[in-house]
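One structure below.
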Amino acid sequence: MNAKKADKFATGVLYAVSGIIVLILAALLLYILIRGIPHISWDFLTKPSKAYQAGGGIGIQLFNSLYLLLITMLISFPISLGAGIYLSEYAKKNWVTDVIRTSIEILSSLPSVVVGLFGFLIFVVQLGYGFSIISGALALTFFNLPLLTRNVEESLKAVHYTQREAGLSLGLSRWETVLKVVVPEALPGILTGVILSSGRIFGEAAALIYTAGQSAPALDFSNWNPLSVSSPISIFRQAETLAVHIWKINTEGTMPDGAAVSAGASAVLILVVLLFNFGARFIGNRLYKRMTSA
């Protein structure tokens, strides 16, 4: 009886702690959304921001966040996919593999502000890219690589070894087996990790303050010259993102309705991150059911 009582007590404590954490998170999210959603409108989502006047929006910052996310994923995903395949399918147990895994662990534990300062010294100063989208994307690539690489590796390891044996028994080479059998089977898990890491990048601010800059120049969406600073597709222009914009408003904002803009922008940021998270689960489950006929 004492053992059963102790077990029930421990179980109750765990449920209580879990419930408290969920309540704190829910209260924080509701507080941000309740304060911010009333300020969200189409004009708010599409108008450019204003420094000294009321009525500004977050259009350029929202576009910068999405564009920077796209550039970062185009750089980091192929590297992470290759690294994950190597570690899962080809790497032998030796000191080289141990160094690679240790480096990934160290890189994943670095604070984002340290990654930002590293990006500032290397990409902004040494390579001469200045405060730009490409500097921010390269810095976020270092920030994103450990999570994506580990996700790809674990997704590939989750594929049963009989799948590999079946491919090899049909005469496929090892690389063909990985490419045509293992990777498609692991695709739902890989895609889920990509979407979750996208939400993490979208909400990042500290690393971008030192790399992508804190200003959002006016964009001419009819200008498709990639070398023009007013072109939306240029990767060499400064790009204040939504998260950086929120930080800037709350630290040195001069607009009369700064509190309303900050609340609305925060709500938009939370909604997009939630969309990434729920979208990852939905797409991952749909892909799993389609590929396994479950």
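Identify the residue in region 55-97 that is in contact with a Pro (Cβ under 8 Å, 6 or more places away or on another chain) and assigned to a helix (DSSP H, G or I) and, among all such residues, is farthest from Met255 (Cα to Cα).
That would be Tyr67.
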For region 86-99, pairs from a residue that is in contact (Cβ under 8 Å) with a residue 40 or more places away in the chain to a residue that is assigned to a loop (DSSP other than H, G, I, E, B) and open to solvent by less than 80 Å² (accessible area, probe 1.4 Å), with Cβ under 6 Å and 6 or more apart or across chains, are none
Of the residues in region 163-180, those that are of a type in the set (Ser, Thr, Tyr) and assigned to a helix (DSSP H, G or I) come to Ser169, Thr177
Return only the number of the condition from (1) of a type outside the set (Gly, Ala, Ser); (2) touching a Gly at 6+ places or on another chain (Cβ under 9 Å); (3) open to solvent by 40 Å² or more (accessible area, probe 1.4 Å); (4) in a loop (DSSP other than H, G, I, E, B) that Trp224 does not satisfy. (2)
Taking the condition buried (at least 21 other Cβ atoms within 10 Å of the Cβ), of a type in the set (A, V, I, L, M), under 15 Å from Thr211 (Cβ atoms) and in contact (Cβ under 8 Å) with a residue 60 or more places away in the chain, does Leu148 pass? no
Return the residues of region 173-186 that are of a type in the set (A, V, I, L, M, F, W, C) and open to solvent by less than 50 Å² (accessible area, probe 1.4 Å); say none if nothing qualifies. Val178, Val181, Val182, Val183, Ala186
What number of residues in region 1-58 are of a type in the set (S, T, N, Q) and within 19 Å of Glu240 (Cβ to Cβ)? 3
Quick check on this structure: which one of Ser215, Ser266, Ser234 is open to solvent by less than 70 Å² (accessible area, probe 1.4 Å) and at pLDDT below 85? Ser215
Is it true that some residue in region 196-206 is open to solvent by 20 Å² or more (accessible area, probe 1.4 Å) and over 17 Å from the mean Cα position of the chain (by Cα)? no
Among the candidates Ala158, Ala216, residue that is in contact with a His (Cβ under 8 Å, 6 or more places away or on another chain) and either closer than 26 Å to Ile283 by Cβ or in contact (Cβ under 8 Å) with a residue 60 or more places away in the chain (or both): Ala216
If you take the residues in region 241-263 that are part of a helix (DSSP H, G or I) and free of Cβ contacts under 8 Å to residues at least 40 places away in the same chain, which one is surrounded by the most Cβ atoms within 10 Å (Cβ to Cβ)? Ile249
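The values are calculated or read from the model by the stated rules, or taken from the named source; none is laboratory data. Here the structure is a predicted model, which means the values were calculated and not measured. For neighbour counting, all protein chains shown are included, and Cβ atoms are generated from backbone atoms with ideal geometry for every residue, glycine included. What goes into the accessible areas is simple: the full protein's heavy atoms, side chains included, and nothing from ligands, DNA or RNA. Shrake-Rupley method; radii C 1.70, N 1.55, O 1.52, S 1.80 Å.
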